[in-house]
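One structure is given here, and the rest of the page talks about it.
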Amino acid sequence: MSTVQELKQESLQAAREYVHEVYETVKKRNPGEYEFHQAVKEIFDSLVPVFAKHPKYKENAILERISEPERLISFRVPWVDDQGKVQVNRGFRVQFNSAIGPYKGGLRFHPSVNASIIKFLGFEQIFKNSLTGQPIGGGKGGSDFDPKGKSDNEVMRFTQSFMTELSKYIGPDVDVPAGDIGVGGREIGYMYGQYKRMRGGSEAGVLTGKGIGYGGSLARTEATGYGCVYFVKEMLSDKGLSFNGSTVIVSGSGNVSIYAMKKAMELGAKVVACSDSNGYVYDPNGIDLETVIQLKEVERKRISEYAKARPTAEYYEGCTGIWTIPCDIALPCATQNEIDDQSAKILIANGVKAIGEGANMPSTLEAIDLFLANGVLFGPAKAANAGGVSVSALEMAQNSMRLAWTFEEVDAKLHDIMTNIYQSSMKAAEEYGHPGNLVVGANIAGFLKVADAMLAQGVI
């Protein structure tokens, strides 16, 4: 081994030791927050070649600073149900990093929400937002409130109470929340109304995902699902593959899933399965999207009703079985950690060619390692899932300029953003010694922009 190679190996080993040391500190400071630990480890491991090549980031403690939220807010949310009983939930907002712009990230209403999940999502959001090329920092929030089964009036009373407290910490140039799991147009509308009442005037740019009639952006509803498919399309194209004629599985049946299915179908794919939190449907003739939209967006029913409406379909209890269905392309669009190592092994054995993460970190670290080791094209969440926040940033821009772009204009900008994310991730992977590895590439490309901004702004 030459002296140059020895020095390079020594630098890499020193960087590994440094990254491991900081990761162990993060675990000690955040005991029991396993989701947060998972997100930190996945990103930290990718950054080893960066610290080997650029000692300035270690010297300025960028890793220590970027893994500690600038602010974590937890608050009580009391509200009254339709029976007149007082209920109490917990609300959260993590304002993780504002180096490149105001905090930006969705609000999640789901019983599983806790500080660990919010920090995991917020940490991921830093790098996802950086990748978009838009001037937005990383944040996330939510509550352990479950909107399922609640009346509109109950949802309104809860969201008004939630926003009464959250309004103290957000603003168009400070922190701009959006929707996530359990937070759609209804919830955003109620929260925006309460924010206006609290502030005594209209500040359209304080929330994104608003209705078209009061400051929302065309194509925002479609953005995350469309963006995921646009990203996977780039992955496939580089290998001479396409959606046309491919068999696709999409987990979930909410907003992201519906529009991922729609765009995949427009590109010539046959989508044969989708799911919700109770189970999944398999339709060998191809999912009828209009039926799914009617059930999930209009009637708010379970996906099991699909099999009653479509006699060619079969319904199965439980969610993980969806990954046993042979497919060319899998788009996990439901929730975190839905594909574990066992599901990954089945997908690989069945010949899956590409994975595009439409949800936030839906594959476990073990599953990701298996996909990469077996040559499966893998689009990580922070890249493939970035379409929603990209159009949220475009919504902010439209609100600031007091104008509205057409659907076609927004969709074209979204397509360009997703293409640029793919290209910058591939470039970073190549430059730092991991050609074709989009997990490493996306993490590094996202990190460098934020790290350089933090260096420029001093120790804050």
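The values are calculated or read from the model by the stated rules, or taken from the named source; none is laboratory data. Just so it is clear, the structure is predicted and the values come from calculations on it, not from any experiment. With ideal geometry, Cβ positions are generated from the backbone for all residues, glycine too; neighbour counts draw on all protein chains shown.
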Out of all the residues in region 171-209, which are part of a loop (DSSP other than H, G, I, E, B), at negative phi and touching a Lys or Arg at 6+ places or on another chain (Cβ under 8 Å)? Asp180, Ile181, Val183, Ser202, Glu203, Thr208
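Taking region 369-399 as the region of interest, how many residues are of a type in the set (Val, Ile, Thr), within 20 Å of Lys263 (Cβ to Cβ) and surrounded by fewer than 23 Cβ atoms within 10 Å (Cβ to Cβ)?
Total satisfying the criteria: 0.
Taking the stated definitions as given, is Gly209 under 30 Å from Gln160 (Cβ atoms), outside the structural domain of Arg157 (by TED's automatic domain parsing) and either touching a Leu at 6+ places or on another chain (Cβ under 6 Å) or not aromatic (Phe, Trp, Tyr) (or both)?
The answer is yes for Gly209.
Could you check how many residues of region 38-67 are surrounded by 15 or more Cβ atoms within 10 Å (Cβ to Cβ) and without any contact (Cβ under 8 Å) to a residue 12 or more places away in the chain?
Selection size over region 38-67: 1.
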I need the full set of residues from region 147-159 which are within 15 Å of Arg76 (Cα to Cα) and either within 25 Å of the chain's Cα centre (by Cα) or outside the structural domain of Phe92 (by TED's automatic domain parsing) (or both), in order please. Phe158, Thr159
Among Glu297, Glu338, which is over 15 Å from Thr247 (Cα atoms), acidic (Asp, Glu) and touching a Pro at 6+ places or on another chain (Cβ under 8 Å)? Glu338
Applying the selection to region 219-256, what residues are assigned to a helix (DSSP H, G or I), within 22 Å of Met426 (Cβ to Cβ) and charged (D, E, K, R)? Lys233, Glu234, Asp238
Return only the number of the condition from (1) within 30 Å of Glu203 (Cα to Cα); (2) in contact (Cβ under 8 Å) with a residue 60 or more places away in the chain that Ile460 does not satisfy. (2)
Does Ser425 satisfy being buried (at least 18 other Cβ atoms within 10 Å of the Cβ) and either at positive phi or of a type in the set (Ser, Thr, Tyr) (or both)? yes
Starting from region 307-335, keep only residues that are over 16 Å from Pro362 (Cβ atoms) and of a type in the set (Lys, Arg), then list their pairs with residues that are modelled with pLDDT of 95 or more and part of a loop (DSSP other than H, G, I, E, B) whose Cβ atoms are within a distance under 8 Å, requiring at least 6 positions of separation or different chains. Arg310/Asp283; Arg310/Asp288
